[in-house]
Structures are given as C-alpha cells and as structure tokens.
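Structure first, commentary second.
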Amino acid sequence: MKKLLALALITFYEGIRNRSVFGIAIFSMFVFGLNVIVAGFFMRDIGKVTIDMNLSGLSVAGLLLVFFVVVNLMAKDIDRKTVHLVLSKPITRVEYIWGKYLGVVLFVFVSMAVLFMFSCFTVILVKGMHSDYFAQFSWTVFSLAALFVFLKIAVLGAVVVLFSTLTSNSFITLIFSISVFIVGTSVEDVLFFLRSGLAAQDVAVSKTLWIVIEVVSYLVPNLAVFDYKISAAHGLMPAWGQLGLSLGYGAVYIVVLLVVASCVFSRREFN
Amino acid sequence: MRRILILLLVLLISLVSHALVTFEMWRMRGQVRSTTVAGYVLPSKFSSVLAFGYKGLLSDFLFLKSVTFFGERHLAKKILSDGDWQYLLTSLDVVTDLDPYFEDPYVFAEANLAWEGKVEEANRILEKGRKNRNWDWRIPYYIGFNYFYFLQDYEKGAEYVMEAASRPGSHPFLSTLGARLAYYGGKSKTAVLFLRQMILETTDPGLRTRLEKRLIALERAAELEAKIELFVKEQGRKPTSIEELITAGYVDSLPPDPYGGQWVILKNGRVFSTSKFTDSR
C-alpha cells in the first residue's frame, strides 16, 4: 500500500508540474467569466444557463486534463524508458498500474476541486446579480452534478490507463480514448433511438447492426449515466437509487478496466 | 532610429487599415445576416447525439441563436417568411427536446409564436413544458390564454387556468380569472388581465415593450367594448359600426390602434382591429 501511495504521489506531483494545467485553468476561468456576460442575454432561466455553463466548463476542463495531461503522464514512463527504472524497484507491475491510476485520479480531483471553487464563485456572483432567477437552484444538486462530472473523468482516466498499456504510442492512446468518449456519450441516445418505434419508421436496422450496438453498449462506458447537468440546472434532485447506481456503475467499470490493464501490463514486453 | 520610425509608420498604417476593414466587415455582416435565409437545425434525434453530453449547453446556444435571429428580423422590421417561421419552430422544438425544463423557449413561444398566428404550434411546444415543468404555473396559464384569446375556446381556456391556479406559487387572482373566463370569455377586459400579469412576469426589455404595446391595444379595445355595452343598454340594439359610437356621442373620437389598424366590431360584440394586434401584416 505504501509503495502504491508513493507512486501515486509522484504521479500527482508530475501532473501538477505540467504547464498545460495552467492553460486548462485559464480556459475554465474564461468560460466562468463568459458566463457572467452571457447569462444576461436570457429572459428568465438565468440560473439554468449559469449552471449549464459552469458544469460544462468543468467537464471540458476535465476532458482536457484527461486527454492531454493524463495521456502524457501515462506515456512518459514508457516513451522515456523510465518505466525500467521504476520496475527495477521492489514494485510489481500490477502495483505500478494501480499506483499510476491513483495518482492520476488524485491529480484530476485536486485540479477539478480548485476549478469547482472558482465555479462556485461565479455562481455566487451571477446569483447575486440575478437573485430572482435562482429560485430552483440547489447547492446540493449542483455539487452532486460536479462530483459525477469528476466520476466521468475518472472513468475516462481508467480508459486512458488501459489504452496506454496496450500501445506505447501516446497519440494512439489519445485517439482511442477520444473515440471511447464519443461513443460513450452517444451510445445511450443511439440505443434508445433504435429501440424506439420511431426507428422502425425512419430507417431499416439490420440485425447485425443491432447485435453490434448491443455488444458495444456493454463494452463502452455509458457516460450519459454520469450526466446530471440538466438536473442541476433546474435544481431537480435525482433519486438516491439512481445516484447510487451511477456511482456503482462507474466504480465497477473502473475496477474492470484496471484489472484488464494490470493483466495486459503484466505480460507486456519492453524493448 | 530611422528604422524604428519606418516600423512605427507601417504599424500605424496597418492598425488604421485593420480598423477600417473590421468596421466594414461588421457592417457587411449586418446586411448579410438580415437578408440570409434562416439556418437549418438538425432534428432532435441527431442533435441529442451530437451534443456529446452537453445537451443543456447546446439548448442554450440554439435558443440564443433563435432569439438573435428573431430579434435581428424584428429590428430590421422584416416580415418573417414561412421558411423563417419553420426555422424558429424547429429550433424551439429541438431546444425543448434537448432540455424540456428550459423555461425561456416556452416564454418565447407564447410571446411571439402565438401572437403571430402560430397558436397551434405554440400550444404544441407549451404542452411539452406543461408536462415537464410540472411545478410551473405559468405554462398552463399561457396555454389557457391561447385557448381563450386566440382559439376562443373558453371552456378549455378556463380548464388550463384552473390547472395553473392549482400549481404551487400561482397568483391568487388565477382562480377568479378561471371562473371569470368561463363566464365572460369573449371580453377584451379578460385579456387585459392576462396580459398585465404577463408583463409583471417579464423583465426582458424587448419582450416587455412588445407586450406593453399589445396591452395598450387591448385596453383601448376593452374601453370600446364597455361603450358598446352601454350603447346596447341604452339604445336596445347593437351599433351598426364602431363609428356609430362617435355619432351617438358615446366617444369623442376612436383611440388609435398602436398597430395602425382600424377598429371593427365582431359578430360576438367584441372589438378587434384590422391589424390583428401584430406588426407583421
């Protein structure tokens, strides 16, 4: 456990030192600042627009962190051959994968927590300016939605870890991870569209396509499960059972990915 | 030193050219935007997939785009073509599919579509809001108004107003309004009450100005209706035309319709205008 934590801390510090983090932080500040201006363009639902923009800014910042910083963090050891040095220490390959992932998650959590604080500041500011339009707003639902944005990023972090064990090229890891994100965010809409009677009127769906999509729905993470942005925007508290299932789904998915990554990494040969 | 001066001169010329070209570019874009046909909105089933998890944000963006489009046409005093209306309708449909709880598109549909003769379409969009925003009394209130004022279905109008009255936070006057609607459905005075409440609920200056203009028109129609009632009471018959109110001495002159139309008496005794209380004739 100690070795795991040591590796996690090293990865965390490595992440924090990455200069891209500042760029991502500035981008988020820009979105939060833009929110103050844009909110005034709307007639009544200013609270909804504020929460939409804040949570979307937080989510995009998380995606940038995972795709550009985390991919780098995972690939660096293998690219620069420092993985040999790490693995020559009394640390197993499985510990390496879990330690790296813990470091990555800690890095993403701390970065997003800081951004979340800035986001709260924006919400307080806009709420102060247009207090009449925040009647539905709830800090609890807003914070829960932000927590689930983090969980989505944590799942994608596990996807990045898996792909970086499968390939030594960080660009391929990036492309594969982005593809999983795209499929993961849209798979639910596609699946329900095909299942709905509407599909029968519009397009003829072949049986093979049905099977492929059904299989994909089990393989790829359904990222819509972690999307509580619209609930937060309208202050609608989701059912606790729904929140619990989303949490469980994310946790189980992360564990499965890390176990697969550990198996692959244990058998991997380094040149 | 000379080199620096030349560089500064070049910089000055470039900056001035940039300012001039940018100014011209924005002027040209203003013209292009006021004449170009409305854009195309992807149907909901595609938009929701292509939102990549940012449905709320996409709905905000699409709504802002629709409102800007409508506002630009309104400012340029351009009459919206069928294509423009189709764009607005599809856009509002997609926006409310992406985020069915979003209040602004419903307010927009009521304030603009219904008054421009697209009552059925406005009601279809509002029904989505009535179902999803089940805590909001305003949506059934708007539908009730549309049934009452535009479709002259007072029974249905009263039904929706009563529903609005039963929702949390609704104005206490709604239950009386519902009852009044069921009884005095075809009076402009009832519409005035509706509209006054809508203005109280509106902070958007553009929308407020439009609603206030309509309120003035309706208040004048209500005044004339009151005079007709008095005429009927005293003379025992309906006036043959609105001008008869002047000749019989009930009014000194007819108040102007803010939309520029001529007042007429409908068969049911209601006073209306040839402008239909809209700018787009």
Filter result (at the interface with chain B (Cβ under 8 Å from one of its Cβ atoms) and either closer than 18 Å to A:S231 by Cα or in contact (Cβ under 8 Å) with a residue 24 or more places away in the chain (or both)) within the range A:35-50: A:R44, A:D45, A:K48, A:V49
Determine which single condition B:K55 fails, assuming it passes every other condition in (1) at the interface with chain A (Cβ under 9 Å from one of its Cβ atoms); (2) of a type in the set (D, E, K, R); (3) out of contact with any helix residue (DSSP H, G or I) (no Cβ under 6 Å at 6 or more places or on another chain). (3)
Among (1) crowded, with 18+ Cβ neighbours inside 10 Å; (2) within 17 Å of B:L207 (Cα to Cα); (3) out of contact with any Lys or Arg (no Cβ under 9 Å at 6 or more places or on another chain); (4) more than 13 Å from chain A (Cβ to nearest Cβ), the one test that B:F63 misses: (4)
Scanning the range A:77-99 residue by residue, the ones that are open to solvent by less than 30 Å² (accessible area, probe 1.4 Å) and of a type outside the set (G, A, S) total 6
Scanning the range B:205-230 for residues that are farther than 19 Å from B:K276 by Cα, open to solvent by 70 Å² or more (accessible area, probe 1.4 Å) and modelled with pLDDT of 85 or more gives B:K227, B:E229, B:L230
Filter pass, A:V141 being more than 14 Å from chain B (Cβ to nearest Cβ) and in contact with a Leu (Cβ under 9 Å, 6 or more places away or on another chain): no
Residues of the range B:79-90 satisfying the condition of being surrounded by fewer than 24 Cβ atoms within 10 Å (Cβ to Cβ) and either of a type outside the set (F, W, Y) or within 14 Å of chain A (Cβ to nearest Cβ) (or both): B:I79, B:L80, B:S81, B:D82, B:G83, B:D84, B:Q86, B:L89, B:T90
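One line per residue, one yes/no per condition, for (1) in a loop (DSSP other than H, G, I, E, B); (2) among the hydrophobic types (A, V, I, L, M, F, W, C); (3) surrounded by fewer than 22 Cβ atoms within 10 Å (Cβ to Cβ):
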residue	(1), (2), (3)
A:Y101	no, no, no
A:M112	no, yes, no
A:L125	no, yes, yes
A:S143	no, no, yes
A:V159	no, yes, no
A:L162	no, yes, no
B:L7 fails exactly one of the following numbered conditions: (1) open to solvent by 100 Å² or more (accessible area, probe 1.4 Å); (2) more than 27 Å from B:P205 (Cα to Cα); (3) within 14 Å of chain A (Cβ to nearest Cβ). What is the number of that condition? (3)
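The values are calculated or read from the model by the stated rules, or taken from the named source; none is laboratory data. The shown structure was predicted, so the numbers you read here are calculated from the model rather than taken from an experiment. So basically every Cβ, Gly included, is an ideal-geometry build from the backbone, and we count neighbours across all protein chains shown. Heavy atoms of the whole protein, side chains included, go into the accessibility calculation; ligands, DNA and RNA do not. Shrake-Rupley method; radii C 1.70, N 1.55, O 1.52, S 1.80 Å.
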